[in-house]
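Below is one structure, written out as structure tokens; the observations come after it.
A short reminder: the numbers here are calculations on the coordinates, not readings from a lab. Because the structure is predicted, anything quoted here is derived from the model rather than measured. Glycine also receives a Cβ, built like all others from the backbone with ideal geometry; neighbour counts cover every protein chain displayed.
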Amino acid sequence: MDKYLKIIQDSFTGYFNYLVQEITNPSWTNYFYWLIAISLFVWILEIVVPWRKNQAIFRKGFWLDSFYILFNFFLFSLVGYNAISNIGVALFNDFLGLFGIKNIVAINIQDLPIWTQLLIMFIIADFIQWNVHRQLHKKSWLWEFHKVHHSVKEMGFAAQFRFHFMETIIYKSAQYIPLAMIGFGIKEFFIVHMFSVLVGHLNHANVGWNYGVLGYIFNNPKMHIWHHSKKLPDAFPYGMNFGLSLSIWDYLFKTAYIPKSGKNIELGFEGDEIFPRKFKDQMVFPFKNQHKELKNKRIKNDHRTV
């Protein structure tokens, strides 16, 4: 037990020191300032070449989404996620130790060129995320958390990071074992991560790009706008265009849908008019809703047994 308490303590102090270091010591591999730079770059694009010219520069939800960027990128780790994830890794490794397993590396790619490692990491991680994203729409209990992201009513770069903190836990948990099995651990993952942030910002930005032929490989604003459509087609009752960075998965597995220009379609989901608008309420809402659903199920089951 002392071991895990020490991990928790070191996780809090370690991440706090890391965050202070990020802010006070700019460098070329600094997440904090690269995030600001990418956000400003895409926001300027929205201002200079807007797709929806009547959309305000400070659109609906702009400041809420800006806070979500800082919360989901940094603050969530500071308030607990870093400690939780470190404990999870330690418990998993201790569990493997019971069977005499020191690691689960099945394919070691450490000897490959760095660019090859980065490409493998990027493709595997994105495919896992695509599958998780589909489940966020199909499984009702996961959808309650994903509603936060789909509560966006006007698209803009910062909308990428409007998501419930439970999504971070779900995505990272799904990725951990597959990525650990290929022995990936190079520091240059920074490049992949910031590239994914750039693509995600552009997908949600108020710019009307589809990248031409490259749109069949990379997700893009004209494709992703349909993912946020309030009205879903009969052929896709759980949604479509699930790609995060890559659109190729949607074309391969026939979940791609771009029937026409989605420039002015209504965004959101059925019933979003009663969805809370404040950060704190959005964080609590999924848990309240799921508690309500469980309570209703219990009542129904009680009636059946009477």
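Debye calculation, C-alpha points only, no solvent: report log10 I(q)/I(0) for the range 2-275 at q = 0.13, 0.15 Å⁻¹, in the same order as the q values.
-0.97, -1.27
Name the residue, out of 237, 50, 259, whose mean-square fluctuation peaks in a Gaussian network model built on the chain with Cα pairs under 10 Å.
Per the Cα network of the chain with a 10 Å cutoff, 259 tops the list.
Treating each Cα of the range 195-275 as an identical point scatterer and ignoring solvent, apply the Debye formula and state log10 I(q)/I(0) at q = 0.12, 0.20, 0.24, 0.25 Å⁻¹.
-0.32, -0.88, -1.20, -1.27
Give the separation of the Cα centroids, the range 234-282 to the range 132-170, in Å.
10 Å
May I ask for the net charge around residue 226, where only other residues with Cβ less than 12 Å from the Cβ of residue 226 are counted and Lys, Arg are +1 while Asp, Glu are -1?
Charge balance near residue 226 sits at +3.
Highest GNM mean-square fluctuation, the chain, Cα pairs closer than 10 Å: which of 273, 22, 167?
With Cα springs under 10 Å in the chain, the top fluctuation among 273, 22, 167 is at 273.
For the range 31-101, what is the Kirkwood estimate of the hydrodynamic radius, computed as the reciprocal of the mean inverse distance between distinct Cα atoms, to one decimal in Å?
15.5 Å
Let me have the 222 nm mean residue ellipticity of the chain computed from DSSP H runs of 4+ only, each contributing -39500 (n - 2.57), with the sum over all residues rounded to the nearest 500.
Roughly -18500 deg cm²/dmol at 222 nm, from the helical runs in the chain.
Let me know the shape class of the range 88-170, please: from the alpha-carbon gyration tensor, a ≥ b ≥ c as square roots of the eigenvalues, rounded when a/c is under 1.5, otherwise prolate if a/b is greater than b/c, or oblate.
Cα axes put the range 88-170 in the oblate bin.
Counting Lys and Arg as +1 and Asp and Glu as -1, what is the net charge of the other residues whose Cβ lies under 13 Å from the Cβ of residue 66?
Counting the neighbours of residue 66, the net charge comes to +2.
Going through the cross-link list 138/254; 138/263; 172/222; 138/231; 222/254, which pairs have a Cα-Cα distance over 20 Å in this structure?
Where the Cα-Cα span goes over 20 Å, the pairs concerned are 138/263; 172/222.
Can you check what the net charge comes to around residue 207, using other residues whose Cβ is under 14 Å from the Cβ of residue 207 (Lys, Arg +1; Asp, Glu -1)?
Net local charge, residue 207 excluded: +3.
Taking the chain as a Gaussian network, Cα atoms linked when under 10 Å apart, which of 278, 172, 263 shows the biggest mean-square fluctuation?
Result for the chain, Cα springs under 10 Å: 278 fluctuates most.
Percentage of Cα-Cα pair distances in the range 120-166 greater than 17 Å, rounded to whole percent?
Looking at the range 120-166, the distances longer than 17 Å represent 44 percent of pairs.
Determine, for 121, 283, the number of other Cβ atoms within 10 Å of each Cβ, and report the residues in order from fewest to most.
283, 121
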